[in-house]
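These notes concern the structure reproduced below.
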Amino acid sequence: MLNLAGFFHLNLMYSSIEVEQRAQVIRNCYHPLLNLATPHRPLTLEATGLTLEIIRDLDPAWIEKLQHGMQDGSVEFVGSGYSQIIAPLVPAIVNRANIDLGMAIYEELLAVRPEIWLINEMAYSGGLPELYADAGVKALVMEWNNTWKGHQEWDSELRYHHQLALGCDGTTLPVLWIDTLDFQKFQRMAKDEMDQSEWIEHWSQRAKSHSNQTRFATFYGSDAEIFDFRPGRYSHEGDLSDSSQWQRIKKALDKLTACPHLQFGPLGAALEEPASEICGLPLSLECTEQPVVVKKQEKYNLNRWAVTGRGDLEANTTCHNLASDMPHTPSQKQWRELLYRWSSDFRTHLTAQRWANYRAQGMKAISLEYLNQAVEGTIIPVDLADRKINLATDAAQVLLDLRRGLAISSLTFPALGNLPALGTLPHGYFDDISFGADFYSGHSVVQRPGQRKLTDLQTSTESVTVIKKANGHLVARAEITDSLLNVTKQVEIEASQPRIILSGRLELPSRSPGEIHPVHLTVVPGFFDPDHLHFRTHNGGSAMEQFPLTSSSVHHGASYSTLITAKGGLGATENVVEFGDGQRSLVITHDPCVSAMIPTVRFEKVRAGEYFLRLRYSAQEMDETFVTRDAPWQVEWRVTIEAKRD
């Protein structure tokens with residue numbers, strides 16, 4: 001028997017819907033959806049607390065209608081939080097507040113505390129189960145397809161049964177699956193792009209194929225706003241026809257009801273199945289190659305809400321500043337404001353008017369005080385005839401390349417031995433021709449479609465200043481220009497702690513299509529034991545997630561296509577990425593209040609037992625949500641590198 005559920009996501013913050021259109025969405029989409037639900041064919045609905053508040057203000061009768069549906073068994077309600085935020089991009093304390101405030105709104109408006117919760121945008125990390133479990137959530141809703149992509153060893157049959165999402169701290173929560181390919185088929189059928197008979201046959205055959213076994217699936221698991229309404233996100237949406245898409249959906253579901261070995265039910269019915277060899281298995285949904293799992297095709301990845309859009313970096317940096325300025329015990333009003341500002345829909349296909357309104361609420365101003373001010377101390381003469389300068393304290397030694405814009409040739413921490421931790425791997429370092437290039441550290445790169453690469457790897461002898469501060473710290477500063485790119489950068493070496501600080505600002509004449517990678521850090525092979533090498537970070541949770549670097553290839557920032565310049569990245573929501581081998585570690589910290597950049601890891605096994613390992617920070621990527629801006633564009637950064645013994 002195939003138990004079939006329909007899951008509909010309601011979101012009045014939808015990026016391409018204007019505020020003035022929200023009442024129309026409720027009328028065209030939300031009322032017909034409730035009309036479709038019956039006790040014999042229940043539907044599962046999910047909405048944020050913020051969406052419910054908007055509906056209450058515009059159409060309170062719909063809220064009453066939803067309550068009646070919940071009471072007579074026509075509707076199963078699933079929670080998701082106060083605002084649709086991308087949890088792996090947000091600090092754990094903010095995620096906890098989003099869950100708690102959402103639960104309070106559900107209780108206030110619907111008199112219910114949902115036990116099943118959707119992972120917002122199905123952007124999942126191993127740190128999240130703990131947060132939901134602490135709030136009393138009993139099960140999660142997550143996409144199957146991309147989770148399975150990272151775990152090809154799993155039996156495909158697992159998708160038809162609930163499993164246990166295993167958090168990085170050991171917390172487990174049942175997880176219910178949404179299949180992207182299935183819900184996209186439903187969308188095509190509803191829009192008359194797929195014959196109704198073909199869609200019905202798809203589910204009929206699936207029910208027949210395992211008629212002697214109980215299985216669970218969802219025929220839909222996405223937006224409700226796309227039926228009998230045109231959000232305007234894509235040019236190929238087409239015009240609404242005279243025939244209602246909701247009527248087409250109803251006819252299809254009525255016919256599907258007659259199929260043998262198939263019955264409709266709520267999504268949560270799958271949780272009643274007892275554990276077995278194919279049900280209730282503890283599974284880590286994430287993996288080293290895919291630390292943050294996101295729904296749908298690969299163009300939908302973490303960068304979509306981090307460094308693309310109309311100004312994701314600007315918006316996220318502002319939110320980090322607002323969070324940093326929050327009082328020790330924020331009021332509910334303060335949490336509402338912050339969670340609203342962190343909404344994912346301000347970061348994708350946002351309309352020009354809504355973006356203007358968002359920016360009018362205030363954005364983080366550009367100001368790096370430590371770059372704007374003169375450094376006080378003793379000037380150390382630099383021999384401009386030399387190619388490199390050596391800056392050394394008791395705690396750290398840095399060799400900087402004057403002809404490559406103060407790129408780090410080597411960084412050594414004496415407390416951890418004489419081997420350099422980071423540096424430049426020159427052309428020919430590896431015999432493998434795949435790595436036949438120079439791999440620098442501490443440099444910036446701007447890549448634009450169809451144009452030459454811009455970098456700060458230029459001769460900087462004329463602008464270099466080296467100063468010894470009163471506290472013994474050494475500071476090297478430089479200004480570098482490469483065509484349209486201007487970079488001001490600073491390297492500070494601490495006197496007594498094994499730590500250096502890289503800070504800078506790059507300036508471009510406009511926000512144009514392309515990639516902006518302000519900081520690259522290349523690990524020197526030999527510093528870490530390759531047999532125990534790993535990296536650690538936070539992706540929205542309280543606990544650090546650890547990922548082994550034993551695979552032959554990990555490349556979070558690899559391009560997907562000429563339009564989608566990167567496949568993913570790390571949330572690093574407590575601002576730290578740590579490389580280690582159990583004996584020593586490098587702790588790399590960025591300041592998101594200066595710039596909420598996205599770090600990516602690249603690891604490759606090279607012949608003769610060697611490896612290539614690099615951390616790269618991204619401030620801008622390209623996808624179909626990216627919007628240009630003619631005004632001058634600046635990106636800043638502040639990154640700290642510290643060595644520790646484990």
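The values are calculated or read from the model by the stated rules, or taken from the named source; none is laboratory data. No experiment lies behind these values; they were computed from the predicted model shown. A quick note on method: Cβ atoms are made from the backbone with ideal geometry, for glycine too, and the neighbour counts reach across all protein chains shown.
Couple of notes before you dig in:
- Whichever residue in the range 218-269 is among the small types (G, A, S) and modelled with pLDDT of 95 or more and, among such residues, is farthest from Q71 (Cα to Cα): A252
- Residue list for the range 503-524, restricted to those being assigned to a loop (DSSP other than H, G, I, E, B) and either surrounded by fewer than 24 Cβ atoms within 10 Å (Cβ to Cβ) or charged (D, E, K, R) (or both): P509, S510, S512, P513, G514, V524
- In this structure, T625 does satisfy being among the polar types (S, T, N, Q), in the same structural domain as G417 (by TED's automatic domain parsing), within 19 Å of the chain's Cα centre (by Cα) and not in a strand (DSSP E or B).
- Selection status of E130, under 22 Å from the mean Cα position of the chain (by Cα) and surrounded by 22 or more Cβ atoms within 10 Å (Cβ to Cβ): no
- Leading residue by the ranking (nearest to the chain's Cα centre (by Cα)) among those in the range 588-606 that are aliphatic (A, V, I, L, M) and closer than 14 Å to R638 by Cα: I598
- In the range 185-217, residue nearest to F229 (Cα to Cα) [restricted to those that are without any contact (Cβ under 8 Å) to a residue 24 or more places away in the chain and in a helix (DSSP H, G or I)]: R188
- Taken as a whole, the condition of being within 20 Å of G442 (Cβ to Cβ) and not small (G, A, S) does not apply to M622.
- Boolean, E337 is surrounded by fewer than 24 Cβ atoms within 10 Å (Cβ to Cβ) and either in contact (Cβ under 8 Å) with a residue 40 or more places away in the chain or not assigned by TED's automatic domain parsing to the domain that holds Y560 (or both): yes
- Screening the range 343-461 for strands (runs of 3 or more DSSP E) wholly inside it with 1 or more residues that are under 30 Å from G311 (Cβ atoms) and under 26 Å from the mean Cα position of the chain (by Cα) returns the ranges 445-447.
- Test result for A415, of a type outside the set (S, T, N, Q), surrounded by 11 or more Cβ atoms within 10 Å (Cβ to Cβ) and touching a residue at least 24 places away in the same chain (Cβ under 8 Å): yes
- For the range 152-184, the set of residues classified as part of a loop (DSSP other than H, G, I, E, B) and surrounded by 15 or more Cβ atoms within 10 Å (Cβ to Cβ) consists of W154, H161, H162, G167, C168, D169, T171, D179, listed by residue number.
- Every condition in (1) modelled with pLDDT under 95; (2) part of a strand (DSSP E or B) is met by F612 except one, and the failing one is (1).
- Qualifying position, being in contact (Cβ under 8 Å) with a residue 24 or more places away in the chain, surrounded by fewer than 23 Cβ atoms within 10 Å (Cβ to Cβ) and β-branched (V, I, T), among V141, V137, V78, V90: V137
- Of all residues making up the range 52-98, the number that are hydrophobic (A, V, I, L, M, F, W, C) and in contact with a Ser or Thr (Cβ under 9 Å, 6 or more places away or on another chain): 11
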